[in-house]
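*Asks:* The structure's right below; bear with me while I get my questions together.
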Amino acid sequence: MSANKFEAQSDDFALQPVPQAKRRSTLNISITSCAWVISLSTLFTGGALAAGLPFSEVIVAGVVGMLILAVYGFFQGYVGAKYGLSTTVIARQAFGRHGAGLFGLVLAVVLGVGWFAWQVAFFGITLSEMFPGQWFAEPKVAMVWGGILMMLTAFIGYRGLAAISFVAVPLVGILSIWGIIAAVNHSGSWSALMEAQPAGDPMTLFAGITVVVGNAALGAVVFPDITRFGKTPLRGGLGASSGYFLGGLFCIVSGAAMTIAANVPQFGSTPNIPAAMAKIGLGFFAFLILVFAQWTTNDNNLYSGALGLRNAVKIPKNVLVVTMGILGLIIALSGLENSFVPFLTVLGNYVPPIAGVMIADHWFVKGKRQGGYQFGAGTSYSNWNIAAIVVTVAAGFIGSRLSFGIAPINSTLIAFIGYIIVAYLLKAIRAPYELGQSTEKQSGF
């Protein structure tokens, strides 16, 4: 193996195309993306839906919401597998070299530090609720060992993510079946379960769909981080979108079924999922589910954040994983993670429209004109695509403030349509909107 190839492999091909010999099966891609969406927050999403919707409508909201994410995630995933590159490296074509670096910094802050810290803290608090008085479930103790596990697989890279996914997905599948059976037994029959009415404040079906999409919208944007290991564009896109759809739906239905079966009081406005698990008799099995569900989601947050930052700085991916993971863990242990949530939520409004611009640029603008993108040594990019950046910011701002529709989908559609119109209009009047030029070196940087 040459020095360059060894360096690329040890960096998990953060900046270079994944070689065909290292590509994985469709099942592997599907299981890995399935595990990405399996998390405590998705279980809680199902419980929240069950508190406001009949169980039959919870299923509808889960199907429609996850299908929306699977559709736009497919196009992102297709491109990732086509070029074998991470999300932010592909974004060099649409946003320019420095624009993609800015995107990488946003991912690092939002996913790699902010939400990683919040999920680590959430894990510790939830485990202490589930196993009160146990030393390993003391919030800060659980945050430390849980955070280390999450950092470990992100440090290993895609191989680590895939390996742990093949453990977590069957566990949550069993949980889903168990929860539904318990809910049927509690209700008396399947038809009675389907007609079960919510115990909390009612919500509309559309509001339920909005909750589903909002919970998992960011993950679909960075599908190329997984699908770059897909053997073909179609298999990569279909594998990731189908896994994401099924994982999200199973987790939502499971959380809703357990909430209905256990009929436990809520804490605050949120169904008490840990208490529900205990009441339906999951016991130590619940511990395994909590650990693996959070592990497989939060390691992906850290992984994508590190890949994004790797596109902006000349520091090995593994070093970034450790640095960002430790920073996130410190934030969680200090109890400051909730202070970041408003900032992360606002910043997160501007991530989904990035997918809209990337899809538009590849399929309808630059990619269409050039017959596809070019990458590798000698490839030239603009430093900044001003049109792409302005459209993304405008779409995020407008989409988050519309009083109708689903904010992440609104902003994605606005960015998709807006960028096509703006790009062709500026080209027609020959107005320059791509500034400066960078040439890719052999190293991918």
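The values are calculated or read from the model by the stated rules, or taken from the named source; none is laboratory data. Everything quoted here is computed from the prediction, not taken from an experiment. Please note: Cβ atoms are built from the backbone with ideal geometry, for glycine as well, and neighbour counts cover all protein chains shown.
*Asks:* Criterion first (crowded, with 24+ Cβ neighbours inside 10 Å, more than 21 Å from the chain's Cα centre (by Cα) and farther than 27 Å from Gly247 by Cα) does Gln134 satisfy it? Don't jump to the end; show me each part of the working.
*Replies:* Values: crowded, with 24+ Cβ neighbours inside 10 Å: no; more than 21 Å from the chain's Cα centre (by Cα): yes; farther than 27 Å from Gly247 by Cα: yes.
The answer is no for Gln134.
*Asks:* Quick check: is even one residue across the stretch 242-262 part of a helix (DSSP H, G or I), within 15 Å of Ile31 (Cβ to Cβ), among the aliphatic types (A, V, I, L, M) and touching a strand residue (DSSP E or B) at 6+ places or on another chain (Cβ under 8 Å)?
*Replies:* Checking the stretch 242-262: not a single residue is part of a helix (DSSP H, G or I), within 15 Å of Ile31 (Cβ to Cβ), among the aliphatic types (A, V, I, L, M) and touching a strand residue (DSSP E or B) at 6+ places or on another chain (Cβ under 8 Å).
*Asks:* Hey, another quick one. Is it the case, given these coordinates, that Ser86 is in contact with an Asp or Glu (Cβ under 9 Å, 6 or more places away or on another chain), of a type in the set (Ser, Thr, Tyr) and free of Cβ contacts under 8 Å to residues at least 60 places away in the same chain?
*Replies:* Criteria not met by Ser86.
*Asks:* Do you know which of the residues in the stretch 117-160 that are among the polar types (S, T, N, Q) and touching an Asp or Glu at 6+ places or on another chain (Cβ under 7 Å) is modelled with the lowest pLDDT?
*Replies:* Of the stretch 117-160, the ones among the polar types (S, T, N, Q) are 119, 126, 128, 134, 153.
Okay, now just the ones that are also touching an Asp or Glu at 6+ places or on another chain (Cβ under 7 Å), so 128, 153.
Working: Ser128: 88, Thr153: 96.
Among residues in the stretch 117-160 that are among the polar types (S, T, N, Q) and touching an Asp or Glu at 6+ places or on another chain (Cβ under 7 Å), the one modelled with the lowest pLDDT is Ser128.
*Asks:* Looking for whichever is more than 24 Å from Leu344 (Cβ to Cβ) and touching a residue at least 24 places away in the same chain (Cβ under 8 Å) here; the options are Gly96, Gly114, Gly47, Gly65. Which one fits?
*Replies:* Just a single option satisfies the conditions, and that option is Gly96.
*Asks:* In the stretch 196-217, which residues are touching a Gly at 6+ places or on another chain (Cβ under 6 Å) and either within 15 Å of Cys34 (Cα to Cα) or part of a helix (DSSP H, G or I) (or both)?
*Replies:* Once the filter is applied, which keeps residues that are touching a Gly at 6+ places or on another chain (Cβ under 6 Å) and either within 15 Å of Cys34 (Cα to Cα) or part of a helix (DSSP H, G or I) (or both), the stretch 196-217 yields Ile209, Val212, Val213, Ala216.
*Asks:* Output the number of residues of the stretch 100-116 satisfying the condition of being within 16 Å of Glu440 (Cα to Cα) and either surrounded by fewer than 24 Cβ atoms within 10 Å (Cβ to Cβ) or in contact with an Asp or Glu (Cβ under 7 Å, 6 or more places away or on another chain) (or both).
*Replies:* Adding up the residues that qualify gives 1.
*Asks:* From the residues in the stretch 154-173 that are free of Cβ contacts under 8 Å to residues at least 60 places away in the same chain and of a type outside the set (Gly, Ala, Ser), which one is farthest from Pro54 (Cα to Cα)?
*Replies:* Among them, the one singled out is Ile156.
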